[in-house]
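Okay, structure first, notes after.
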Amino acid sequence: MLICCQRDIMKTNSKLFFEKQRYRFLKYLCSMEEIKQNSLRTWILAARPKTLAGAATPVLVGTALAYADGQFHWLPALVCFLFAGLMQIAANFINDLFDFLKGTDREDRLGPERACAQGWISPGAMKRGILFTVAIACLIGCILLFYAGWQLILVGILCVMFAFFYTTGPYPLSYNGWEMH
């Protein structure tokens, strides 16, 4: 009985510890203190963590289907989550940079502040951040070639292209969404 109570106390204490750390981290991110240019906090804000659920959801669905079919393997699932998350972050960085360069991120825009428009990250630093994030995503994605074959190279290329096409190119998807009637 004593061992069970101690285990429960340890679980409760560790939950409280992680909740406190999470609260401190969120408080740090959302604080009204001056944001220093190119700081870790700035890059985390520019990555837009709230959007990562949009990248994780299709991977979660695919992982659940693989599990239901008896084909689940944890390593490719983890790699898919990492690749999708990094590509979402890259798309957010690309959007931040190119909206700034086009002049669409102005004072009157709705939504969260953008890093380049606020001067938190310089355009040159953002370009390097995009290159780094895409390169890491592609390197991590190459692990999947051992599980699904070379055809995934085409999928990876399309992911990178559409991360850019969302905001750039002759027909940017972010400005030309389909209207629902």
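The values are calculated or read from the model by the stated rules, or taken from the named source; none is laboratory data. In this text the structure is predicted, and so the values were computed from the model without any measurement. So basically every Cβ, Gly included, is an ideal-geometry build from the backbone, and we count neighbours across all protein chains shown. The area values use the complete protein model at the heavy-atom level, side chains included, leaving out ligands, DNA and RNA. Shrake-Rupley method; radii C 1.70, N 1.55, O 1.52, S 1.80 Å.
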Review point. Has the stretch 156-168 got at least one residue that is at pLDDT below 95, more than 18 Å from the chain's Cα centre (by Cα) and of a type outside the set (A, V, I, L, M)?
Key: yes
Practice item. Return yes or no: is L78 at pLDDT 90 or above, surrounded by 15 or more Cβ atoms within 10 Å (Cβ to Cβ) and either under 30 Å from L144 (Cα atoms) or of a type outside the set (A, V, I, L, M) (or both)? Key: no
Check your understanding: Within the set of pairs 6 or more residues apart or between chains, which connect a residue that is touching a residue at least 12 places away in the same chain (Cβ under 8 Å) inside the stretch 34-48 to a residue that is in a loop (DSSP other than H, G, I, E, B) and polar (S, T, N, Q) with Cβ atoms less than 8 Å apart?
Key -> Q37/S122; N38/S122
Exercise for review: Would you mention how many residues in the stretch 137-147 are in contact (Cβ under 8 Å) with a residue 40 or more places away in the chain and either open to solvent by 60 Å² or more (accessible area, probe 1.4 Å) or in contact with a Cys (Cβ under 6 Å, 6 or more places away or on another chain) (or both)?
Suggested key: 2
**Study point:** Unmet requirement for L45, which otherwise passes all of (1) farther than 19 Å from I140 by Cα; (2) under 9 Å from the mean Cα position of the chain (by Cα); (3) open to solvent by 50 Å² or more (accessible area, probe 1.4 Å)
**Key:** (2)
Review point. What are the pairs, 6+ residues apart or on separate chains, where a residue within the stretch 163-176 that is open to solvent by 80 Å² or more (accessible area, probe 1.4 Å) has its Cβ under 7 Å from a residue that is hydroxyl-bearing (S, T, Y)?
Key: Y166/S174
Practice item. Just give me the residues in the stretch 33-49 being closer than 15 Å to S122 by Cα, not in a loop (DSSP other than H, G, I, E, B) and not aliphatic (A, V, I, L, M), in sequence order. Key: R41, T42, W43
Review point. Right, A117: of a type in the set (G, A, S), at pLDDT below 95 and surrounded by 12 or more Cβ atoms within 10 Å (Cβ to Cβ) or not?
Key: yes
**Study point:** Test: residue in the stretch 86-106 that is under 17 Å from the mean Cα position of the chain (by Cα), open to solvent by 20 Å² or more (accessible area, probe 1.4 Å), touching a residue at least 40 places away in the same chain (Cβ under 8 Å) and farther than 19 Å from M161 by Cβ
**Key:** no
